[in-house]
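The values are calculated or read from the model by the stated rules, or taken from the named source; none is laboratory data. Since we're looking at a predicted model, the values are computed, not measured. Note that each Cβ is placed from the backbone with ideal geometry, even for glycine, and that neighbours are counted across all protein chains shown.
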Amino acid sequence: MAEVKAAVNGNVYVPAEARTGNESIVYFTRDISPEGIRKAYEKVCAKMTGKVAVKLHTGEKNGPNFVPASWVKEVMENEETLKDAVIVETNTYYVGDRYTTEEHRDTLKVNGWDFCKVDIMDEDGTVDLPVKGGKWFDHMTHGSHMTDYDSLFVLTHFKGHTMGGFGGSNKNIGIGCADGRIGKGMIHAKNGDEWGVVQEELMEKITESTKATIDFFGENVTYVNVMRNMSVSCDCEGLAAQPVVTPNVGILASTDICAIDTACVDLIHAMTEEQHHDLWQRMESRHGFRQLSYMKEMGMGNDRYILIDLDNGEVRITPKEAVKDVKPFKRVR
């Protein structure tokens, strides 16, 4: 495909009152625990059928912030649709603890992901899936094992990201399902620079990669975002991640990827300046909001949603109400 120009307004946050279109449902609980994950998941898991893949970030060795393996173990052992599920990952584009399959499997053991099968999807090669309506790609290259699955449960640790601004469900799939050499290179490399793609172009390419995955699974995909230990750094930075200063919020679930990531961003926005300063600056400076607007442009979901409080009778609440009692971290420099 011919090279095209990215949008130039990705650093603009669109407030809820300025959004148009349909609304999706996003469920919310303040219970940050295995029970909270189950509570949220059970609201959106009706289409988790057949062979289920669980896509999450298993982290670099001894990373402090990813969703604990012990939590995921408890959830998978107690949810009927997940008892035979398989955790899926791909190797990394950068040289590190998960660059090769051998290194990756060693890291999985260190981080506690040896309680069930973990499928490194690009271990045996790649598969190309179409990107419908993309302006950068007509296909994305994934780990070949992806097509072995019928349903996809996207369990995401929501946090900041050095290049993407934030890492939600979109980043979890867009980067995390692309294979470690070809697909991730398609997203990141430009003009001979293996990390040459930045800002809006990067957000759009991540999103197009995600679209290839969710189009493949269709209605058999669901999302849970865990807003805990939200460093401005991704879990791929491991022990080098910046200290967490943003308050823990809760757990969200939806069948709409655009709505759930938008809701997480809105919850951060609804905090006080002191509470959200570092993470908001990271999102804004990296033009991360383009992830949200491009998902909507690509027909991947709605940026308007109804937030349902699972802790108080399943009533509708606003992001401001959801974060009014969060406890601020002591700022660490």
The range 184-197 residues that are in contact (Cβ under 8 Å) with a residue 40 or more places away in the chain, paired with ones that are part of a strand (DSSP E or B) and among the polar types (S, T, N, Q) (beta carbon under 8 Å, 6 or more apart): M186/T141
Identity of the residue in the range 11-45, touching a strand residue (DSSP E or B) at 6+ places or on another chain (Cβ under 9 Å) and among the small types (G, A, S), that ends up nearest to V154 (Cα to Cα): A40
Residue list for the range 107-133, filter: of a type outside the set (S, T, N, Q), assigned to a loop (DSSP other than H, G, I, E, B) and within 20 Å of the chain's Cα centre (by Cα): W113, M121, D122, V131
Failed item in (1) within 29 Å of Q242 (Cα to Cα); (2) free of Cβ contacts under 8 Å to residues at least 60 places away in the same chain, with F66 passing the rest: (2)
Residues satisfying the stated conditions in the range 26-50, i.e. surrounded by fewer than 18 Cβ atoms within 10 Å (Cβ to Cβ) and either among the β-branched types (V, I, T) or modelled with pLDDT under 95 (or both): T49
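Can you tell which of E204, E200 is in contact with a helix residue (DSSP H, G or I) (Cβ under 8 Å, 6 or more places away or on another chain) and more than 30 Å from M48 (Cα to Cα)?
Answer to the selection: E200.
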Residue ranges of strands (runs of 3 or more DSSP E) in the range 219-312 with at least 2 members in contact with an Asp or Glu (Cβ under 8 Å, 6 or more places away or on another chain) and surrounded by fewer than 21 Cβ atoms within 10 Å (Cβ to Cβ): 304-309
Scan of the range 232-247 for residues that are of a type outside the set (V, I, T) and modelled with pLDDT under 95, ordered by number: S233, C234, D235, C236, E237, G238, L239, A240, A241, Q242, P243
Only one of E77, E3 that is farther than 25 Å from D325 by Cβ, assigned to a helix (DSSP H, G or I) and either at pLDDT below 95 or acidic (D, E) (or both): E77
Tally, over the range 176-200, of residues that are within 18 Å of the chain's Cα centre (by Cα) and assigned to a helix (DSSP H, G or I): 6
